1. Treating only the Cβ atoms of Lys and Arg (+1) and Asp and Glu (-1) as charged, compute the dipole magnitude of segment 204-351 about its Cα centre; round to the nearest 20 debye.
2. Which pairs in the list Lys218/Lys239; Lys107/Lys328; Lys96/Lys239; Lys107/Lys140; Lys205/Lys339; Lys205/Lys285 are over 32 Å apart, alpha-carbon to alpha-carbon?
3. Mind grabbing the accessible area of Arg308 for me, 1.4 Å probe, Å², rounded to tens?
4. Rounded to the nearest 10 Å², what accessible area does Arg334 have for a 1.4 Å probe in the complete protein model?
5. Using a 1.4 angstrom probe, figure out how much accessible area segment 94-344 has per residue, in square angstrom, rounded to the nearest whole.
6. How much of Ile175 can a 1.4 Å solvent probe reach, expressed as accessible area in Å² and rounded to 10?
7. If packing is taken as the average number of other Cβ atoms within 10 Å across a peptide's residues, how do 96-106, 178-188 rank, most packed first?
8. May I ask what percent, to the nearest 5, of DSSP beta bridges between residues of segment 94-344 are antiparallel?
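The values are calculated or read from the model by the stated rules, or taken from the named source; none is laboratory data. Here the structure is a predicted model, which is why all the values come from computation and not from measurement. Note: ideal-geometry Cβ built from the backbone for every residue, glycine included; neighbour counts use all protein chains shown. These accessible areas exclude ligands, DNA and RNA; they are computed on the full protein's heavy atoms, side chains included. Shrake-Rupley method; radii C 1.70, N 1.55, O 1.52, S 1.80 Å.
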Amino acid sequence: MGCWATRCNLHLKAPSRVSVFFTMIILVTYVFYCLTGYCDLTLIPLHERRPTLPQLHQDRNASNQRAFLARVTAEETRRLSGDISNLSVSDSFGSKEFPQAVIIGVKKGGTRALLEFLRVHPDVRAVGAEPHFFDRFYDKGLEWYRNLMPRTLEGQITMEKTPSYFVTREAPQRIFHMNRNTKLIVVVRDPVTRAVSDYTQTLSKNPGLPSFQNLVFKNSSKGLIDTSWSAVRIGIYSKHLENWLRYFPLSRLLFVSGERLVTDPASEMERVQDFLGLKRLVTSKHFYFNQTKGFPCLKKPEGSSRPRCLGKSKGRAHPHIPSDVLYKLRDFYRPFNLKFYQMTGQDFGWE
């Protein structure tokens, strides 16, 4: 009986030791989790819980990705919207080429009108603004210049116009180095009328400008013309042409009459299209004469609500210039005009 009790005690002690062991494990585990912050019994909303280190890394990566995608999307949207505003649908195709033809002059001669008339032709693609590459921005490089050009398809020609090229000493050599076969178009106008038009434009921007007669003469009493004044200097066409003929044969240049571009635009456009190797698609049916502006406008294109005329800056009324001043200026230009007629083989009738 005593022996049986002893065995029973031993039998009961073994399980109690196991239970104590497991109890200790539970206590240690509980303490560990409490120390690491997992045993907080207070219910915390999900949005207020403190993230763990792995969660911080994960959230930071996700945040960076979202910010990056948002930035890329915004930049892409701006780029695409800029492209869409500057390019037509056809600009999705073709390639950018150096211009095969350039309208090089002259200022206030009718270059903008000629360019707008040419852009009606489906085989002409032209830069709208004047690039001024060969006189102001040559240091930017030819690739910069090429990127200004619109895209063209096979059979189309690229054009640009910057009237100041004609009077820029370095321009002929620079264009020659780009492409010696470039076709050059010069729109010329009676140099006296052109000078007055040039002055009128400057006066509209600077109302405090001295009078035309004060600017045109070095010495009004002697009637000496001031050739340093750009409005006068530009009209000495023969001098400027000599510079161009050092690099280009006369056959590479076409001289368009600014006067005939107003009175008979269709005939002048025939000459221009022939020179560029284009079909004669721009004809008299494209023009009508605007009595208010005093020059031709393009008729209303299909799908447009109104015809296309040049802006308000074109066709300004000229200020009154004393007739004796105009006579002296015309007398000054006469020998230069005659030489220009001889050089070009064309009589422009400015006498």
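1. Numbers: 24 positive and 12 negative charges, 108 e Å.
Charge dipole of segment 204-351: 520 debye, to the nearest 20.
2. Lys96/Lys239; Lys205/Lys339; Lys205/Lys285
3. Solvent-accessible area, nearest 10 Å²: 90 Å².
4. Near enough 80 Å² of accessible area.
5. Details: 12340 Å² over 251 residues.
Here the per-residue accessible area is 49 Å².
6. Per-residue accessible area (Ile175): approximately 0 Å².
7. My ranking of the peptides, most packed first, is 96-106, 178-188.
8. 40 percent
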